[in-house]
Structures are given as structure tokens and as C-alpha cells.
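Novice: Okay, handing you the structure first.
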Amino acid sequence: MKLKNKVAIITGGGGGIGRATAYLFAKEGAEVVVSDVNEGSGQETVNRILEEGGRSSFFKANVADPTEVESLIAYTASNYGGVDILFNNAGIGNSELKIEDLSIEEWDQVIDINLKGVFLGIKYVIPEMRKRGGGSIINTSSLLGFKGKKYMGPYNASKGGVSLHTQNAALEYGKENIRVNAVAPGVIDTPIIDGWKNDERKWPFISKANALGRIGSPDEVATAVLFLASSDASFITGSTIHVDGGGLTF
Ligand SMILES: NC(=O)c1ccc[n+]([C@@H]2O[C@H](COP(=O)([O-])OP(=O)(O)OC[C@H]3O[C@@H](n4cnc5c(N)ncnc54)[C@H](O)[C@@H]3O)[C@@H](O)[C@H]2O)c1
């Protein structure tokens, strides 16, 4: 088991990628705190882990809210004795509008959740990881953190920011044995892409727009996150693994 005796927090753990990663982490021996704004779906993830004999609990937190993120870390440290792994994964898409039509409120919301949420997770988890003598943080960027797409302004900006912030944190905390990496998924089969799936005109192109000619599954992202979280990636920090079927090359 690759994560035996490790304590992991997963934000957005009620959604597709977060849930698949929570199952895999638990299978590999980690105790998993599943967090999400959606209590029902987050609790469902926990229930399945418990049914399979793992250790897990749910903590509701909005990643854009500093007090809630701080409480999530404090809850985990006091109930599980510390934190070894943080998967900063919660995120949202945006309404596909031209820049001039996009509301300022929506811009702020996407940046707050996707980018400030990652900053907050790192900010509050570092003192706990320092107490453990190290740790591994994985942030969810996106193919759209590396490639501009029309009408995806705030999402593009937030995910591009996640990749660079990953490098900031890797540089600042590497000497304390805290590694910070990111995954950049391409099109993955989760509810976040429902809008594209329902678009009969765009979907035939979007669903095949990479070298492999298909979309990915949440499990295919989870295995990359597990690799980064585990000691298999002990000399890897500041990196982004592209889990996109070659989408960046396309
Ligand atoms: N599915 C894809 O094609 C794809 C591609 C690239 C990147 N991503 C990224 O992967 C991550 C996970 O997305 P997913 O595909 O599993 O989608 P998803 O919608 O299934 O999961 C996202 C989860 O985040 C939660 N969430 C939303 N806002 C939150 C907040 N403020 N605080 C806490 N939780 C919040 C949602 O309730 C949901 O459970 C996101 O960061 C997303 O941007 C997804």
C-alpha cells in the first residue's frame, strides 16, 4: 500500500475526480478527509470508503472561505493527528460568454474558488505539514491552464494561476520536505463537462480533441494524483503532470 499511515484531505471530494482519488487513496491505506460544499455527495464518497473498510469522514468547507479552510485543516489535525497530503481539487467552470458580457461577480467567483482556494489550502496546511516533517500537496490545474479557449476567460486565468502558484509553493517549502505539484486534466468524464456533452454541435469535436481521440475517466486522473502524493514521486516538485490524452499537443 502506497499511502499506509498517511492522512489526506481532498477538496471537491464529492465530485468526479475528487471522489475517484478518495477511493484510490483509501484503497492504498490513507485516512481520507473528504471535503466539499455539497454535503450529500461528499458524504456519499465517505460512506463508500467506510463500507469497504477504510477510514474517512466528511467536513463541509467552501474553499474560497479562509475561515472554513482553516477549520478543515484544524479538524483533520485534531481528529487524525496531522496532515500528510492535501489534494486541492475543488473547482468550477464558467458561463461561456465573451469577456465584455461576463459579470464581474462571476469573474470573482471563479478566481476565488479555483485559484484563491488553492492558495488558502496551501497557506493553512503548511504549518501542519511542517510539524510532520514534510508532506505532499497536489493542485488541480487543467489543460485550460496551458491553452487559451474562447469564452473561458476566468477559468483559463484561474488554472494558469494554479500552475504557477504550484511552482511558488514548491520553491518556498521544498527545503522543508514539502513537495507541491499539480495535475492538469484534459476532458474528463465528470459532471463539470455536462454543458459540453449536451452541446450536439461542439461535443463531437471536444470529445476527440487530443492524441488518443477520446475523453478520460476520473480514475485515470486519480492514478496520477496517487503517484504525486506517494514516495514514488519523492524527487518531483513544482511539476505539472498533464493527464489529457495528449490534449496539449493537439
Ligand atoms: N472534468 C474535466 O474535464 C476537468 C478538466 C480539467 C480540470 N478539471 C478540474 O478538476 C477539478 C475537479 O472537477 P471534476 O471534473 O471532478 O468536477 P465535479 O463538478 O464533478 O467536481 C467538483 C467538486 O467541487 C465541489 N466544489 C465546487 N465549488 C466548491 C467550493 N467553493 N468549495 C468546495 N467544493 C466545491 C463541487 O461540489 C464538486 O463536488 C476541478 O478543479 C476542475 O476544474 C476538470
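Novice: Give the cross-link partners of residue 4 among the lysines, using a straight C-alpha distance below 29 Å as the criterion and excluding same-chain residues fewer than 8 apart.
Specialist: Straight-distance partners of residue 4: 27, 60, 123, 131, 175.
Novice: Now, a different point. Using only Cα atoms, find the angle between the long axis of helix 153-173 and the longest principal axis of the chain, and express it within 0 to 90 degrees, rounded to the nearest 10.
Specialist: Result, in degrees: 30.
Novice: Below 8 Å between Cα atoms, with a sequence gap of 6+, how large is the relative contact order for the chain in percent? Intermediate values should be presented prior to the final figure.
Specialist: Values: 528 pairs, mean separation 47.5, N = 250.
It comes to 19 percent, rounded to a whole number.
Novice: Give the aspartates and glutamates whose C-alpha is closer than 13 Å to that of residue 197, dropping any in the same chain fewer than 8 places away, or say none.
Specialist: In chain and number order, the partners are 189.
Novice: Using 7 Å Cα-to-Cβ label points, what is the residue 71/residue 97 separation (nm, one decimal)?
Specialist: 3.1 nm
Novice: Using amide H atoms built in the peptide plane, which far-off residues or other-chain residues are under 5 Å from residue 243 H to H?
Specialist: Long-range HN contacts for residue 243: 184, 186.
Novice: Just how large is the dipole of the stretch 115-250 about the Cα centre, in debye to the nearest 20, putting +1 at every Lys and Arg Cβ and -1 at every Asp and Glu Cβ?
Specialist: About 380 debye.
Novice: Could you sort 1, 152 by their accessible area in this structure, using a 1.4 Å probe and putting the largest first?
Specialist: 1, 152
Novice: To the nearest 10 degrees, how steep is helix 16-27 against the longest Cα principal axis of the chain, on a 0 to 90 scale?
Specialist: On a 0 to 90 degree scale, this one is about 30.
Novice: If you place +1 on the Cβ of every Lys and Arg and -1 on the Cβ of every Asp and Glu, how big does the dipole about the Cα centre of the chain come out, in debye to the nearest 20?
Specialist: Dipole magnitude for the chain comes out near 760 debye.
Novice: Taking the Kirkwood radius as the inverse of the mean 1/r across Cα pairs, report the Rg/Rh of the chain.
Specialist: The Rg/Rh ratio comes out at 0.95.
Novice: On the accessible surface of the chain, probed at 1.4 Å, how many percent belong to carbon and sulfur atoms? Could the numbers behind the result be given before it?
Specialist: Details: 6140 of 11680 Å².
Within the chain, the accessible surface is 53 percent carbon and sulfur.
Novice: Hey, another quick one. What is the sum of charges, Lys and Arg at +1 and Asp and Glu at -1, for the other residues whose Cβ falls under 15 Å from the Cβ of residue 44? Don't skip to the answer; put the middle values down first.
Specialist: Working: positive: 19, 48, 60; negative: 36, 39, 51, 52.
Net charge around residue 44: -1.
Novice: For the chain, what is the accessible area per residue in Å² when the probe is 1.4 Å? Please report the intermediate quantities before stating the final value.
Specialist: On the way: 11680 Å² over 250 residues.
Roughly 47 Å² per residue, with all protein chains present.
The values are calculated or read from the model by the stated rules, or taken from the named source; none is laboratory data. Everything numeric here is computed off the predicted structure, so don't read it as measured data. Positions of Cβ are backbone-derived with ideal geometry, glycine not excepted, and every protein chain shown enters the neighbour counts. Side chains are part of the model used for accessible areas, which takes the heavy atoms of the whole protein and leaves out ligands, DNA and RNA. Shrake-Rupley method; radii C 1.70, N 1.55, O 1.52, S 1.80 Å.
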